[in-house]
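Right, one structure below, let's go through it.
The values are calculated or read from the model by the stated rules, or taken from the named source; none is laboratory data. It should be emphasised that the depicted structure is a prediction, and the values quoted were computed from it without experimental measurement. Methodologically, a virtual Cβ is constructed for each residue, glycine included, from the backbone with ideal geometry; neighbour enumeration extends over all protein chains shown. To get the accessible areas, we keep the full protein, side chains included, count just its heavy atoms, and leave off ligands, DNA and RNA. Shrake-Rupley method; radii C 1.70, N 1.55, O 1.52, S 1.80 Å.
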Amino acid sequence: MAQAHAPQFKNPVVKWIDSRLPIFTMLDHEYNQYPMPRNVNYLWAFGAIAGIMLVIMIATGLVLAMQYAANTHIAFESVERIMRDVNYGWLLRYVHANGASMFFIAVYIHMFRGLYYGSYKAPREILWILGVLILLAMMATAFMGYVLPWGQMSFWGATVITNLFSAFPLVGDPIVTWLWGGFSVDNPTLNRFFALHFLLPFVLLGLVVLHTAALHVSGSNNPLGIDPKGPQDTVPFNPYVTVKDGFAVVVFLIFYAAFVFFAPNYLGHPDNYIPANPLVTPAHIVPEWYFLPFYAILRAIPDKLGGVLAMFGAIAVLAALPWLDTSKVRSCKFRPIYRQFFWILAIDALVLGYAGAMPAEGVWLLVARIGTAYYFFHFLILLPLLGKLERPLPLPASICEPVLKGGGRVAAGAHAKPMEKA
Amino acid sequence: MAQTTHPPGTGAHAAPGGEGASRRDFLYLATGAVGAVGVASAVWPFIDSMNPAADTLALASIDVDLAPVQEGQAITVTWRGKPVFVRHRTAKEIEEARTVNLGELRDPAADDARVKKPEWLIVIGICTHLGCVPLGQKPTDPRGEFDGWFCPCHGSHYDTAGRIRKGPAPANLVVPQYAFTSDTAVRLG
């Protein structure tokens, strides 16, 4: 940022455009010279991976929308037509359907990265809250997209989720009727879900632009969680990070392609290949895997309104995280106690996800209740207290200090590499 | 922007006693209020267009012939896109429904307040928890611990009057609006 200077363009057309609309200067500033902390690891690639996933979802979604028909009589058949008759329809649909899962994988890793290295702390609070809004927009988009094939899980998932709003006293039932546009999930519901499923990704794109803009104001966090002290602590975005992110994207796409080509329905539910039937409820309604922890929280509370509030609260609490975590030290590397609780939280999220996939009875209900209690305990009680009680390890003076001084106070073996010409 | 709305002088309340400032405040408030009403009335058609349309509302009533339904049998009819359970109750089921102590119920309602003729129980077949269709219409279905219906999604049990007895659902199965048009025919809606 500070060392950025106006680039000189040789191409006269570029020069002509740039003097009237400085897009090339802006690109150079944000994606060529932009200084990245030199010590970022591969976990920092998941923002770029999530961005690539959004582009893939919009591109495949656009062509799928050209073949899909949002009408309860023909929606299921139109999806089967995409699978059987449309050129490469099977590929586009599997890329899109598995892409939703990959998008959530990338975003969840990205979020846990932020949790581990304290990327939500000052001055990045708004950046983090924009991320929470992105998660909410993704969840709404993914939920509505799952309704579109109009299979049994589509219909009953839509019924259960829209009925969540009936938990609110007085306004609940009119809201649900308004969401449905009728007296049950039916054709008007499918139509509006399709319209919103098309709209929301562009809202998401706008949020991503704001998220990136906010990131480029404060600069990226790094594994040490300390601010770069000068040019010796950073490398230019291009080529260092473009190449590193590019490699990570390729590895991630291989993982993604493995699902698309070898297990395209592994992450889906077979009941969604049964056309929707409003008179028969599947024996066991489960949402897609990325909603399972939240679904477990919903079912863990024995009260309907309480369950709904807890589920939304589980996301709202993330938005309040910058103020709930009272520790001034960002990175878990220097917080020996919080580091252990971080991993307990990660395990708790997985356990909740597993409990969400199981029937809500017996031992699984108990597991979900303990998991839910721990989740809120972590954010609402543990984090505010830990910031005051924990004694953090001493921070290094700068990002390059532990490397150049041959160790220092952090284990620097992993970072030991020759320094470039500064 | 600030320069044009607050030209030098007015910001210093040139009028005696601050009269000019309060008049300006009033104009701001009045303009804001009119603007808010205008925005609200312009937004309302967009919001209301998402409510049930006239043709959806027009499909709101149906006639059901009860003659073929024998005692102990049940039928499911679709009304407003929802399943409606019509059960021809046996004497035992009616007796079970009537002898319950209302104080024990989560959503207290007497059996005779939920039926028009004791042998015919008509309820909307949607669990009041999260909208699944409870089991219990077919002879082979589980009917729960109270001989009525059992919702497989989250385990709610309903009795022979469609009242919630156990599980997460907060309320009884809803009794739709209906009227007997003859001894063996009923109109829903």
**Diffusion constant of the range A:23-126 at 4 °C, which comes from Stokes-Einstein with the Kirkwood Cα-pair radius and 1.567 mPa s, µm²/s** = 78 µm²/s
**Complete:** Kirkwood-based Rg/Rh on the Cα set of the range A:125-249 evaluates to 1.17
**Asked** What residue among A:H216, A:H284, A:H96 has the largest mean-square fluctuation in a Gaussian network model of chain A, using Cα springs under 10 Å?
**Response** A:H284
**Asked** Tell me, what is the FRET efficiency for A:I381 and A:S19 to the nearest 0.05, using R0 = 41 angstrom and their Cβ-Cβ distance as r?
**Response** 0.10
**Message:** Using square roots of five times the C-alpha gyration tensor eigenvalues, list the equivalent-ellipsoid semi-axes of the range A:268-359 in whole Å, biggest first.
**Reply:** 34, 15, 11
**Selected from A:R84, A:R330, A:R369 as most flexible by GNM, with chain A as the system and alpha-carbon contacts under 10 Å** = A:R84
**Prompt:** Per the Debye formula with a single identical scatterer at each Cα and no solvent contribution, what log10 I(q)/I(0) holds for the protein assembly as shown at q = 0.10 Å⁻¹?
**Reply:** -1.05
**Message:** I want to verify a result. In a Gaussian network model of chain A, Cα cutoff 10 Å, which of these has the top mean-square fluctuation: A:L130, A:L389, A:L210?
**Reply:** A:L389
**Message:** Just to verify a number: FRET efficiency for A:I274 and B:A30, C-beta to C-beta distance, R0 = 45 Å, to 0.05?
**Reply:** 0.15
**Prompt:** Any idea how far the Cα center of the range B:166-187 sits from the one of the range A:33-61, in Å?
**Reply:** 55 Å
**Message:** Counting protein heavy atoms only and a 1.4 angstrom probe, how many square angstrom of accessible surface do chains A and B bury in total, to the nearest 100?
**Reply:** 2100 Å²
**Prompt:** What's the FRET efficiency of A:I175 with A:L404 using the Cβ-Cβ distance as r and R₀ = 56 Å, to the nearest 0.05?
**Reply:** 0.40
**Complete:** Non-local residues with an amide H under 5 Å from the amide H of B:A185, with H modelled 1.01 Å from N and Pro and chain starts lacking one, are B:L66
